[in-house]
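Peer 1: Take a look at the following structure, please.
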Amino acid sequence: MAHRKAGGTAKNLRDSNPKYLGTKLYAGEQAQEGSVLVRQRGTRILPGKNVGLGKDHTLFALKAGRVKFGTKRKQGFNNRILVKKTVSVL
């Protein structure tokens, strides 16, 4: 006779660590040189003036200044016009 209840395996107890993606400095805020503006997966937001693009698509300030968001019209590979967001430091 069993003295312990049969224990099954749980498949949903694992979880990944948070990646802390998103906008770190918003429009009108002051950015220091090298400060992170946006952490993203892929280039959802494009770099504008005085903004660099890291190898993990992180946007960071190349110069100190005020953050400004805008839009840019880009032509895709299928000749479709896409409106993409941009971030600049002025």
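Peer 1: Using +1 on the beta carbon of Lys and Arg, -1 on that of Asp and Glu, and nothing else charged, what's the dipole of region 22-89 about the Cα centre, debye to 20?
Peer 2: Dipole magnitude for region 22-89 comes out near 340 debye.
Peer 1: Which of the chymotrypsin sites (Phe, Trp or Tyr not before Pro) found in region 41-90 are in a DSSP loop and have at most 16 neighbouring Cβ atoms, other than their own, within 10 Å?
Peer 2: 77
Peer 1: Defining a contact as two alpha carbons under 8 Å apart and six or more residues distant in sequence, what relative contact order in percent does the chain show?
Peer 2: Taking the mean separation of contacting Cα pairs over the length of the chain, I get 26 percent.
Peer 1: Continuing with the same structure: Starting from the Cα of residue 66, step 7 Å along the direction of its Cβ; do the same at residue 44; then give the gap between the two resulting points in nm.
Peer 2: 2.6
Peer 1: Please report the equivalent ellipsoid semi-axes of region 22-89, computed as sqrt(5 x eigenvalue) of the Cα gyration tensor, largest first, in whole Å.
Peer 2: Taking √(5λ) for each eigenvalue gives 22, 13, 9 Å, largest first.
Peer 1: Let me ask something additional. Give the longest segment of the chain that steers clear of trypsin sites (Lys or Arg not before Pro) in DSSP loops with at most 15 neighbouring Cβ atoms within 10 Å, not counting the sites themselves.
Peer 2: Counting at most 15 other Cβ atoms within 10 Å as exposed, the longest clean stretch of the chain is 20-40.
Peer 1: Also, I was wondering about something else. Taking only pairs that are 8 or more places apart or on different chains, how many Lys pairs in the chain have Cα atoms under 17 angstrom apart?
Peer 2: Summing the qualifying lysine pairs gives 16.
Rule-based calculations on the coordinates, nothing more; no lab input. Only a predicted model underlies this, so the values are computations on that prediction, with no experimental measurement involved. Please note: Cβ atoms are built from the backbone with ideal geometry, for glycine as well, and neighbour counts cover all protein chains shown.
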